[in-house]
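The values are calculated or read from the model by the stated rules, or taken from the named source; none is laboratory data. All values derive from a computational prediction rather than experimental measurement. So basically every Cβ, Gly included, is an ideal-geometry build from the backbone, and we count neighbours across all protein chains shown.
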Amino acid sequence: KRNGDVVSFQIERIAKAIEKAMDALDLGDQVVAKKLADEVTKLLDARISFYLDGIPSVEDIQEVVEEVLSRYDERLYRAYALYRHSRAIAREVKQIYKLRDELKLTGNALRVLEERYLLKDEYGNILESPSDMFSRVAKIVASVDELYGGDPKETEKKFFEAMSNLEFLPNSPALMNAGTDLGQLSACFVLPIEDSIDSIFTTLKYMAQIQQSGGGTGFSFSRLRCKGDIVRSTRGVASGPVSFMRIYDNATEVIKQGGRRRGANMGVLHCTHPDIEEFITSKSDGRLTNFNISVAATDEFMMQVERDGELDLRNPRDGRITKRVKARYLFDLICEQAWKTGDPGLLFIDEINRKHPLQSLGEIEATNPCGEVPLLPYESCILGSINLSRVVKKNGEIDWDKLRYLTRLGVHFLDNVIDANKYPLVEIERATKANRKIGLGVMGFADLLFKLHIPYDSEEAFQIGEKIISFISREAREKSVELGRERGSFKTFDQSIWSKKYSTMRNATCTTIAPTGTISIIAGCSSGIEPVFALVFLREVLEGKHLLEINEVFKIELIKQGLYSDDLIEEISKTGSIRNLDLPDDMKKTFVTSMDITPEFHVKMQSVFQRHVDNAVSKTVNLPSNASIEDVKKIYMLAWKLKCKGITVYRYGSKREQVLYVGEGKPIIVHHTYSGGCPTGVCPL
């Protein structure tokens with residue numbers, strides 16, 4: 001063995017490894033695998049005198065396996081050799097960081113886990129393996145069942161299996177903090193800011209506590225009086241919302257230096273605030289690097305843009321109209337800045353509140369940092385995602401029974417987290433437990449489409465996306481009703497829209513589409529519902545070392561069709577796309593990347609999922625560097641008309657800091673934490 005131990009040779013393990021490679025290429029045949037393993041054994045016997053003490057090493061055996069496979073089928077040899085190379089990288093990562101890994105995760109997944117997730121002692125030594133981490137999380141979350149007369153042991157087993165099989169993963173804080181003294185498991189928070197120094201700096205303190213525990217925070221600054229307005233207590237003048245956003249941004253910069261997860265904020269300002277122009281341009285000078293910003297755009301504002309009408313700007317202190325501006329002027333400024341910097345996005349605030357199941361409790365004014373969870377003040381939300389790439393059968397069909405099981409398990413898991421959680425503030429615990437909002441979503445959607453041979457930019461993709469998310473939403477709701485009967489409805493159930501349709505309901509919201517980020521790296525799948533950003537690229541896994549990464553489904557398809565070559569892979573790595581290469585048309589149609597897809601298809605896909613999601617959808621419309629401001633205008637207007645709850649664009653090269661770089665004639669290089677979507681590093685991964 002590699003550790004120097006001498007063990008008995010097991011031909012069954014050789015046969016199993018060969019059969020696994022054959023299965024990946026749809027060539028599965030136990031009889032053939034056994035025959036090929038026998039050939040390996042014969043060659044090893046024939047060469048026994050060449051090995052030290054007559055004992056072949058693991059590497060010696062694998063070399064002979066490759067030799068046998070290359071004679072039988074070049075495709076089989078290629079699949080085995082590439083897998084062997086990936087395992088060598090993973091072993092190197094394990095050796096460097098002194099990791100154990102029983103799950104055989106990718107080298108980059110191990111790198112991310114080491115950096116952010118696995119528990120360490122005070123000296124930085126790793127205390128657990130990925131399997132131990134999943135066991136730790138499963139045990140803590142399943143223990144809640146005991147409160148309701150359930151079987152924690154049986155539930156723990158199910159939770160562990162789903163996570164260790166990479167079929168379902170919760171948001172990052174749950175993986176990081178479950179079973180620790182911190183114990184804060186939520187990803188998303190919204191905090192209120194009232195128009196007083198006391199409120200502004202109390203919320204700043206709360207933000208620090210939340211971000212230190214791995215949570216992301218959202219704020220509406222719309223209640224703060226405008227710049228230049230009178231401050232009667234000091235007889236001075238107000239500095240306005242943007243000045244305080246800069247204080248919050250600086251605090252986040254300090255906090256993130258000591259954290260395992262980059263701090264992130266969402267800053268929202270209502271479109272009628274007198275300081276809206278300053279807010280729209282607030283990131284043009286390179287500041288507010290720890291903020292995503294969005295304008296809360298009303299239907300009235302969007303309609304006035306269409307009519308070329310005017311918008312009243314009102315002082316939030318007294319409601320007085322301070323100015324009238326052309327709505328189209330503001331909209332053009334928003335789109336120009338989004339084109340230049342990627343910000344601001346738009347939150348369609350009326351649509352958000354129209355669809356909110358708890359309208360009687362007040363208006364939603366803000367969301368979490370990536371916009372997928374609109375929340376009331378002091379609410380938090382726990383997120384989890386089903387890996388859709390794991391619910392495709394070998395025959396190319398979706399396993400609906402498995403998807404139903406994972407959906408129901410996911411709702412059970414996330415509802416348990418609400419009770420297992422240690423909340424950073426009493427106000428947050430009270431609001432979260434009153435409404436019990438959860439956000440079950442998906443990742444690996446692009447990989448699923450690849451496996452089904454469905455182009456992302458097609459009507460068929462819209463249809464399968466809608467079928468999947470409507471199925472998940474329906475099953476999630478049914479599970480929440482079931483939990484409501486067993487455990488009791490959420491406290492504000494009678495004030496919700498659900499009380500008119502159901503007799504019980506455990507959770508005010510059940511579904512969300514999150515960007516997934518690093519959990520999709522752990523799961524080895526595409527991010528959220530995003531298309532893949534590149535089919536081939538270089539990733540910085542180890543310091544100063546770039547490793548080639550190929551989309552797994554695409555790699556297998558190339559091998560199946562006998563098209564794989566090192567030269568081809570090198571060529572694809574320069575753009576990430578195969579659209580302009582001399583490859584079969586059906587392959588070029590299926591394996592599309594984010595930059596291959598027109599902006600309209602991005603927005604339409606977001607709207608398809610939004611129709612069936614309780615909360616919102618995090619989705620970035622990726623644009624090439626030569627996209628125009630007019631393109632941004634069309635995207636933002638289309639998103640409103642299709643009833644999305646928000647919209648974000650990213651034009652390549654428009655941000656100073658990004659984690660994806662495309663070089664002229666050189667391979668694409670990405671940071672080890674980048675998984676797709678907005679390549680800026682501002683979003684909490």
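If you go through region 602-642 and keep only what is assigned to a loop (DSSP other than H, G, I, E, B) and either out of contact with any strand residue (DSSP E or B) (no Cβ under 8 Å at 6 or more places or on another chain) or β-branched (Val, Ile, Thr) (or both), you end up with 611, 613, 626, 628, 642.
Matching residues to (1) free of Cβ contacts under 8 Å to residues at least 40 places away in the same chain; (2) over 21 Å from residue 75 (Cα atoms); (3) basic (Lys, Arg):
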{"site": "8", "(1), (2), (3)": "yes, yes, no"}
{"site": "14", "(1), (2), (3)": "no, no, no"}
{"site": "17", "(1), (2), (3)": "no, no, no"}
{"site": "38", "(1), (2), (3)": "yes, no, no"}
{"site": "41", "(1), (2), (3)": "yes, yes, no"}
{"site": "51", "(1), (2), (3)": "yes, yes, no"}
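On the stretch given as region 132-145, residues that are of a type outside the set (Asp, Glu) and touching a Ser or Thr at 6+ places or on another chain (Cβ under 6 Å) total 2. Any idea which of 92, 128 is within 24 Å of residue 670 (Cβ to Cβ), of a type in the set (D, E, K, R) and surrounded by fewer than 20 Cβ atoms within 10 Å (Cβ to Cβ)? The match here is 92.
Scanning region 215-231 for residues that are closer than 13 Å to residue 252 by Cβ and at pLDDT below 95 yields 215, 216.
Right, residue 279: closer than 22 Å to residue 340 by Cβ and in contact (Cβ under 8 Å) with a residue 60 or more places away in the chain or not? Yes.
May I ask you to verify whether residue 559 is out of contact with any Cys (no Cβ under 6 Å at 6 or more places or on another chain), crowded, with 20+ Cβ neighbours inside 10 Å, among the aliphatic types (A, V, I, L, M) and in contact (Cβ under 8 Å) with a residue 24 or more places away in the chain? When the stated conditions are applied, residue 559 passes them. Can you say whether residue 615 is closer than 30 Å to residue 511 by Cα, modelled with pLDDT under 95, surrounded by 15 or more Cβ atoms within 10 Å (Cβ to Cβ) and not β-branched (Val, Ile, Thr), as far as the supplied structure shows? For residue 615, the condition - closer than 30 Å to residue 511 by Cα, modelled with pLDDT under 95, surrounded by 15 or more Cβ atoms within 10 Å (Cβ to Cβ) and not β-branched (Val, Ile, Thr) - is not met. Checking every residue in region 504-517 against the condition of being under 19 Å from the mean Cα position of the chain (by Cα), polar (S, T, N, Q) and under 30 Å from residue 574 (Cβ atoms) gives at least one match.
When we screen 590, 598, 648 for residues that are closer than 24 Å to residue 270 by Cα and hydroxyl-bearing (Ser, Thr, Tyr), the only hit is 648.
For region 159-222, the strands (runs of 3 or more DSSP E) that sit wholly inside it and include 1 or more residues that are within 24 Å of residue 409 (Cα to Cα) are 168-170, 188-190. Identification of helices (runs of 4 or more DSSP H) wholly contained in region 53-137 with 3 or more residues that are without any contact (Cβ under 8 Å) to a residue 24 or more places away in the chain yields 58-72, 74-97.
Can you say whether residue 256 is basic (Lys, Arg) and free of Cβ contacts under 8 Å to residues at least 12 places away in the same chain, as far as the supplied structure shows? No, not satisfied.
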